[in-house]
Amino acid sequence: MDIIALLADWQRGCKESEKKLKALVYNHLKTVCSLHLEAHKKQVDATFILSHLPNTTCLLHQSLMELIPPSYGIEHKTHFNRYLSLFVRNMLRDEIRKLKAQKRTPPTYWIEEATEAPPDQYLALDSALSLLAKQHPTKADIFSQHYFLGLEPEQLAQQLNISTATVYRELKAAKAFIRVNA
């Protein structure tokens, strides 16, 4: 199934393409979330907050209802991945802001889990990532697609037409930048 063709049809208003594209995105993000959460379960790093969001499935369902076609043309899968990684990042940030704004927060969330990684950690990551995007857009793009879409360095290298070693260097530099600025 050609994602770019589906996206173009969706931008023209095709409901069938919208359904197919959202199903593809949902299945991919569900897999990414599961793998990502499993990989970071015991490890506290900048992405640890993902495991503390209430009900990933519910969040993905809600998010896909809000997913709208981009207002600009997408010609390559790379562009779509950028759009999607930004969407996931914004979705997570908005969800965390909602959690912080609630007067009554579900006790299991705060007592059992958030003591290890407060929502402020993700908001600090988001802020540092915005700063990184202004100063080093390529590093921010690679970091976002790796962490928010689950793309492996090899996939990113092929997609961006750069070496895998360059992807690893860019990721390492992005992580260092975020650590300093978060």
For 146-153, 20-27, ranked highest to lowest by mean beta-carbon neighbours within 10 Å, the order is 146-153, 20-27
Flagged as over-length at 19 Å C-alpha distance, from LYS98/LYS172; LYS134/LYS175; LYS22/LYS77; LYS139/LYS175; LYS22/LYS175, the pairs are LYS98/LYS172; LYS22/LYS175
Between the modelled labels at LYS175 and HIS79 (7 Å from Cα along Cα→Cβ) the distance in nm is 3.2 nm
With the 8 Å Cα cutoff and a minimum separation of six or more residues, region 121-182 has a relative contact order in percent of 42 percent
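Laboratory data are not the source of any read-out in this text; all were calculated from the coordinates shown. All values reported here derive from a predicted model rather than from experimental measurement. Using ideal geometry, Cβ is built from the backbone for each residue, glycine included, and neighbour counts are taken over all protein chains shown.
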